[in-house]
1. Kindly indicate whether any position in region 42-52 is in contact (Cβ under 8 Å) with a residue 40 or more places away in the chain and surrounded by fewer than 19 Cβ atoms within 10 Å (Cβ to Cβ).
2. Can you tell me which condition G207 does not meet? The list is (1) on the phi > 0 side of the Ramachandran plot; (2) modelled with pLDDT of 95 or more, and all the others hold.
3. Within the set of pairs 6 or more residues apart or between chains, which connect a residue that is in contact (Cβ under 8 Å) with a residue 24 or more places away in the chain and under 21 Å from K52 (Cβ atoms) inside region 79-98 to a residue that is aromatic (F, W, Y) and not in a helix (DSSP H, G or I) with Cβ atoms less than 9 Å apart?
4. Pairs please, first residue from region 18-38 and touching a residue at least 12 places away in the same chain (Cβ under 8 Å), second anywhere and among the aromatic types (F, W, Y), Cβ atoms under 6 Å, 6+ apart in sequence or on different chains.
5. Within region 57-74, does at least one residue satisfy the condition of being buried (at least 19 other Cβ atoms within 10 Å of the Cβ) and not in a helix (DSSP H, G or I)?
6. Looking at A161, A121, A60, A138, which one is small (G, A, S), modelled with pLDDT under 95 and in contact with a helix residue (DSSP H, G or I) (Cβ under 9 Å, 6 or more places away or on another chain)?
7. Just for region 164-191: of the residues that are among the hydroxyl-bearing types (S, T, Y) and at pLDDT 95 or above, which one is nearest to S87 (Cα to Cα)?
8. Within region 135-197, which helices (runs of 4 or more DSSP H) (wholly inside it) include 2 or more residues that are in the same structural domain as A90 (by TED's automatic domain parsing), of a type in the set (A, V, I, L, M) and within 29 Å of D78 (Cα to Cα)?
Amino acid sequence: MMPSKGTEPGPMKHLSDQELMRIVQGGDYAPASEIYDRYSGRIYNFAFRFLKNAEAAEDATQEVFVKMLKYANQFHGDAKLSTWLFSITANWCRDYLRKADNKAKETEEVLISLPAPSELAPDRTLERRENEQLVQKALQALTPEQREAILLSRYQGLSYAEIAQIAGCSEGAVKTRVFRAMETLKKTLAGFGGRDGVGRVAPLEAGERGVI
């Protein structure tokens, strides 16, 4: 959909997510590009790590924003926009995995990433890339439920309450999934000959990589 001419794009960056969505709910789609800029990288990386399929992750990202506009009035201003968008993304990914012909598909890793910090030496940058590849392989050893929980918790920085809302389960179930996922990741990474434990997993900004 084309943005309307009613709202200039410049001031959009200073508006909160809730303010942007109120404009969209009023029928003005001008904020769509700003919301896309804020969340498309995070949504793509979540979908890619979940599915390990770059093409599917691109499809998921586009579909999420189409649905955001189509069902804008279903968003409640007292909720976080990120939680709502990740809920749509997770549902798309689950539907994708339910199709038998999609379960085994994999593509070369294509992650949207921010430039490496300038203080990192080339060998450290290479180490980050190698660690990311090992982590991506290890993530595929998890069940879809565990992978969803660990990605939303450790990579996207969502709370257990937010993840429970997305997954449609209790916070206790989310904690169990994250714990079991971490244990599996430790064993899997050790089996790859890497570290015998799991290091830090920092919450990621849009498109940034993280290392387990």
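1. Taking every residue of region 42-52 in turn, none turns out to be in contact (Cβ under 8 Å) with a residue 40 or more places away in the chain and surrounded by fewer than 19 Cβ atoms within 10 Å (Cβ to Cβ).
2. Result: G207 fails condition (2) only.
3. I88/Y71
4. Final answer for the pair search is M21/F75; Y36/F65.
5. No, because not a single residue in region 57-74 is buried (at least 19 other Cβ atoms within 10 Å of the Cβ) and not in a helix (DSSP H, G or I).
6. A138
7. Among those that are among the hydroxyl-bearing types (S, T, Y) and at pLDDT 95 or above, it is S170.
8. Of the helices (runs of 4 or more DSSP H) lying wholly inside region 135-197, none has at least 2 residues that are in the same structural domain as A90 (by TED's automatic domain parsing), of a type in the set (A, V, I, L, M) and within 29 Å of D78 (Cα to Cα).
The values are calculated or read from the model by the stated rules, or taken from the named source; none is laboratory data. Note that the coordinates shown come from a computational prediction; the quantities given were computed from them, not determined experimentally. Quick reminder, even Gly has a Cβ in these numbers, built from the backbone with ideal geometry, and neighbours come from all protein chains shown.
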